[in-house]
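The block underneath contains the structure these notes are about, expressed in structure tokens.
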Amino acid sequence: MSEMTLAKAYEKYFKIGAATSPREFPSHANLLRTQFNSMSPENQMKFGPLHPEKAVWNFDPADQLVSFARENGMVFRAHAPVWHGGTNPWIFENDAGGEVSREELLERLEEQFTVFAARYGDFVQYWDVVNEAIDDDPAKPVLRETNWLRILGEDYLATAFKLAKKVAPNVQLFYNDYDEWLPHKREKICKLLKKLQDEGAPVEGFGMQSHMSIYNVDIDDVKRSIEAFAAFGVRLHVTELDISLYDPKDRSLPAPLLTDEMFERQAQLYIDLFKVYREYSDVIDNVTTWGVADDYTWLNYWPVRGRTNYPLLFYADHRPKPFVQEIIEAAL
Ligand code: GLA
């Protein structure tokens with residue numbers, strides 16, 4: 001492996017990021033600071049982890065990530081307060097134990113955003129304000145049924161984006177969602193982006209999560225989605241890239257045996273994806289993997305616990321997988 005790194009090789013195209021958490025310091029610090037120049041918090045800036053109880057804030061884990069990024073000259077993608085996950089029960093409850101009113105939930109959201117922006121707003125460049133608001137079922141309305149939708153109403157995303165812009169005017173604001181290359185999801189994402197623009201929501205970017213599998217990606221679909229989203233004039237980030245070796249619909253245990261052919265398909269898909277990202281680098285500013293190296297990945301726990309996955313660019317011992325060299329050379 002030459003001294004050239006992913007982050008350096010891709011300087012002229014886009015930032016190379018990883019999602020991480022303080023438990024990966026110092027074990028992953030060297031890999032992070034050499035191969036990556038963008039960082040995302042795995043959970044530490046979600047509503048619940050940051051503000052676990054009404055009167056309790058938990059800044060320390062997020063502070064650690066921000067300090068590391070600052071010290072190492074990395075850009076920072078904050079993620080993701082308004083989501084159906086990542087909240088704690090208190091957020092939707094009033095003091096009497098019933099459901100919080102619309103007014104009170106809006107106050108809590110504004111407080112959350114204001115505190116967040118005061119602490120991190122001068123450093124964070126990008127922020128996934130709303131995550132995964134879409135219902136996957138093509139037969140159902142666009143918006144997923146969540147506490148946010150039920151309590152705040154149909155325009156809750158626009159409200160959240162406007163609040164975020166008010167308190168953090170210099171941060172580029174993103175809507176973030178998964179399966180974005182699949183045609184049925186692409187259609188709903190476009191409907192939502194249109195709705196947000198009609199409502200005057202300051203949504204400036206779309207985050208393509210890109211949790212992929214060797215079984216479910218057609219590279220032409222990836223291109224079609226990039227073009228469809230770019231037509232809205234928003235910036236694009238790949239925010240949570242990983243490529244599972246299993247079929248996400250297959251939850252069997254023990255895990256299916258992994259073959260060389262499966263690893264080859266993963267390598268080829270990574271090579272093909274980076275080629276597409278380079279081709280569309282006029283609209284793509286950031287490519288982030290959901291994890292740093294294969295020694296820690298959420299895919300060991302999802303969609304079932306108990307099978308080991310190897311979805312990232314670096315082996316568990318932090319050496320780059322052989323195809324990374326090809327991805328680097330293709331950028332030079
Ligand atoms: C989604 C979320 C992320 C993370 C992953 C799984 O993609 O956006 O924040 O929770 O699931 O780890």
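The values are calculated or read from the model by the stated rules, or taken from the named source; none is laboratory data. Remember, predicted model here, so these are calculated numbers, not experimental data. As a convention, Cβ positions derive from the backbone with ideal geometry for all residues, glycine included, and neighbour counts pool all protein chains shown.
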### Query
Can you name every residue in segment 175-190 that is within 16 Å of the ligand (Cβ to nearest atom) and of a type in the set (A, V, I, L, M, F, W, C)?
Trp181, Leu182, Ile189
### Query
Is it the case that Ala293 is more than 30 Å from Val234 (Cβ to Cβ), modelled with pLDDT of 95 or more and of a type in the set (Gly, Ala, Ser)?
yes
### Query
When you look at Trp90, is it within 16 Å of the ligand (Cβ to nearest atom), surrounded by fewer than 22 Cβ atoms within 10 Å (Cβ to Cβ), hydrophobic (A, V, I, L, M, F, W, C) and at pLDDT 95 or above, yes or no?
no
### Task
Just name the residue that is surrounded by the fewest Cβ atoms within 10 Å (Cβ to Cβ) out of those in segment 1-57 that are touching a His at 6+ places or on another chain (Cβ under 7 Å) and within 14 Å of Gly291 (Cα to Cα).
Leu31
### Message
Looking only at residues that are without any contact (Cβ under 8 Å) to a residue 60 or more places away in the chain, closer than 18 Å to Val238 by Cβ and not in a loop (DSSP other than H, G, I, E, B) in segment 191-211, which one is farthest from the ligand (Cβ to nearest atom)?
### Response
Leu193
### Task
Can you tell me which residue within segment 122-154, out of those that are closer than 23 Å to Arg70 by Cα and surrounded by fewer than 19 Cβ atoms within 10 Å (Cβ to Cβ), is nearest to the ligand (Cβ to nearest atom)?
Gln125
### Task
Examine segment 155-174 for a residue that is crowded, with 17+ Cβ neighbours inside 10 Å, within 16 Å of the ligand (Cβ to nearest atom) and basic (Lys, Arg), and state whether such a residue exists.
no
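Here's the yes/no breakdown for (1) among the basic types (Lys, Arg); (2) under 22 Å from Ser40 (Cα atoms); (3) more than 16 Å from the ligand (Cβ to nearest atom); (4) touching a Lys or Arg at 6+ places or on another chain (Cβ under 7 Å):
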residue	(1), (2), (3), (4)
Leu241	no, yes, no, no
Ala255	no, no, yes, yes
Asp260	no, no, yes, no
Phe274	no, yes, yes, no
Trp302	no, yes, no, no
### Any pair with Cβ under 6 angstrom, 6 or more apart, that starts in segment 33-58 at a residue that is at pLDDT 95 or above and ends at one that is within 16 Å of the ligand (Cβ to nearest atom) and among the aromatic types (Phe, Trp, Tyr)
Met39/Phe76
### Task
For Lys46, indicate whether it is within 16 Å of the ligand (Cβ to nearest atom), within 22 Å of Gly207 (Cβ to Cβ) and out of contact with any Asp or Glu (no Cβ under 6 Å at 6 or more places or on another chain).
yes
### Query
When you look at Thr288, is it among the polar types (S, T, N, Q), surrounded by 15 or more Cβ atoms within 10 Å (Cβ to Cβ) and out of contact with any Ser or Thr (no Cβ under 7 Å at 6 or more places or on another chain), yes or no?
no
#### Entry: Every residue from segment 203-248 that is over 13 Å from Asp177 (Cα atoms) and among the polar types (S, T, N, Q)
Ser213, Asn216, Ser244
### Query
Which members of segment 225-245 meet the condition of being touching a Ser or Thr at 6+ places or on another chain (Cβ under 9 Å) and farther than 19 Å from Phe314 by Cβ?
His237
### Task
Using the structure shown, decide if Phe116 is in a loop (DSSP other than H, G, I, E, B), closer than 18 Å to Asp63 by Cα and not β-branched (Val, Ile, Thr).
no
### Task
Within segment 279-300, work out how many residues are assigned to a loop (DSSP other than H, G, I, E, B) and either within 16 Å of the ligand (Cβ to nearest atom) or among the aliphatic types (A, V, I, L, M) (or both).
9
### Summary
Being closer than 17 Å to Ala133 by Cβ, free of Cβ contacts under 8 Å to residues at least 60 places away in the same chain, part of a loop (DSSP other than H, G, I, E, B) and among the acidic types (Asp, Glu) narrows Glu187, Glu180 down to just Glu180
### Hits in segment 311-321 (condition: surrounded by fewer than 21 Cβ atoms within 10 Å (Cβ to Cβ), touching a residue at least 60 places away in the same chain (Cβ under 8 Å) and either part of a loop (DSSP other than H, G, I, E, B) or out of contact with any Phe, Trp or Tyr (no Cβ under 7 Å at 6 or more places or on another chain) (or both))
His318, Arg319
